[in-house]
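Report on the following structure.
The values are calculated or read from the model by the stated rules, or taken from the named source; none is laboratory data. Remember, it's a predicted structure, so these values are computed and weren't measured experimentally. Counting neighbours? That spans all protein chains shown, and the Cβs are built from the backbone with ideal geometry, glycine included. All accessible areas refer to the heavy atoms of the entire protein, side chains included, with ligands and DNA or RNA removed. Shrake-Rupley method; radii C 1.70, N 1.55, O 1.52, S 1.80 Å.
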Amino acid sequence: MKRRTNASPGYYAHWSEILEATPTPRSSDYTVNEKDYLAPSNATQEHLGAKFANSYLGEIWILMRRNFINIRRTPELFLSRLMVLTFMGIMMATMFFKPKETLQGITNRLSFFIFTVCLFFFSSNDAVPAFIQERFIFIRETSHNAYRASTYTIAGIITHMPFILLQATSYAVIVWFALKLRGPFLYFLLVLFVSLLSTNSFVVFVSSVVPNYILGYAVVIAFTALFFLFCGYFLNSQDIPHFWRWMNKISTMTYPYEGLLMNQYQTNDTFGFGYLDGAAITGFDILKSLHIDILERRKRTIVLIMFGWAVLYRVLFYLVLRFASKNQRS
């Protein structure tokens, strides 16, 4: 059978043809670079069938299976974060156990919530090298039309959602019962889960933009500091200067912080007493002093906003893959 010499790699009939067309090192001192995995720009396309070998849903299922296999082969990547959150949950439960009904007790409880938010943000930093390590593989496979960038994005988030839920549940169960937090437990868990999901999406997006993981860590740390500064813990939203208030709105730490506080303090229960007049300080008083909404519907809005950030970062991640990954054919 005569071999096609000018066929585009996206339309090979057999894997052997793809393998033969893929550049390989020719000597021991050959250096592999990103250009080796790109499809030829002057290749002539021969439309011998569908552009992609599998259906859209089929691609998602295949990529999900591969992701699960990778997680099974490298369980330390998942277990390390789970162990960190479990250990920190035990530590937080012992440090902030039974806060006093004083202003200092209220401050201690606020410190617990903001540390929880920061902990979940920092625990996602290990996702920085995720796409950086897979970038050459992604470019090589999509240049041969093995799958679409959109299915790669969707499969990634679906694969990691159950693991993110397990991590959030582990921490939530430990601190909830040990510290006797109030409000619906399911909402507390939901805020932690969506917070971890949005921060993970942010870190994955950063990993698709930066050229290496060293710069990726630097960018994530810089944004973490900015989000922490403007989340409303150091200065509430009303005390932040007008020209910086937009940072409070885009900070991914603002919404989980407010959500956790609203779940805890939307009540007339007493949490402390004033130093001077000895007046009782209720949960609503704490929220009003921090300029946080006391309406119940605001809690649902906060969850939707956090989920929206997660979707937005994944969309940006897809756009980078689709148009900025030097892949001309997917």
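The table below gives the values:
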quantity: Accessible area (Å², per residue) of the stretch 219-266, counting only protein heavy atoms and a probe of 1.4 Å; calculated: 43 Å²
quantity: Accessible solvent surface per residue of the stretch 47-177, calculated while the other protein chains remain in place, 1.4 angstrom probe, Å²; calculated: 51 Å²
quantity: Shape category assigned to the stretch 233-298 from the gyration tensor of Cα positions, a/c cut at 1.5; calculated: oblate
quantity: Additional length obtainable on full extension of the chain from K288 to I250, 0.36 nm per residue less Cα span; calculated: 11.5 nm
quantity: Solvent-accessible surface (1.4 angstrom probe) belonging to M83, in square angstrom, nearest 10; calculated: 130 Å²
quantity: Loop-resident sites, the stretch 244-330, for chymotrypsin sites (Phe, Trp or Tyr not before Pro), counting at most 11 other Cβ within 10 Å (DSSP); calculated: Y275
quantity: Accessible surface, the stretch 280-321, averaged per residue in Å² (probe 1.4 Å); calculated: 52 Å²
quantity: Carbon plus sulfur fraction of accessible area for the stretch 113-225, probe 1.4 Å, in percent; calculated: 77 percent
quantity: With every protein chain in place, the stretch 230-291: carbon and sulfur % of accessible area (1.4 Å); calculated: 60 percent
quantity: Ranking by accessible area, most exposed first, for H242, H291, H144 with a 1.4 Å probe; calculated: H242, H291, H144
quantity: The stretch 114-210: trypsin sites (Lys or Arg not before Pro) in DSSP coil with no more than 12 other Cβ atoms inside 10 Å; calculated: K180
quantity: Estimated FRET transfer efficiency (I71, T270; beta-carbon r; R0 51 Å; 0.05); calculated: 0.65
quantity: Cα gyration tensor shape for the stretch 190-320, rounded if a/c is under 1.5, else prolate or oblate; calculated: prolate
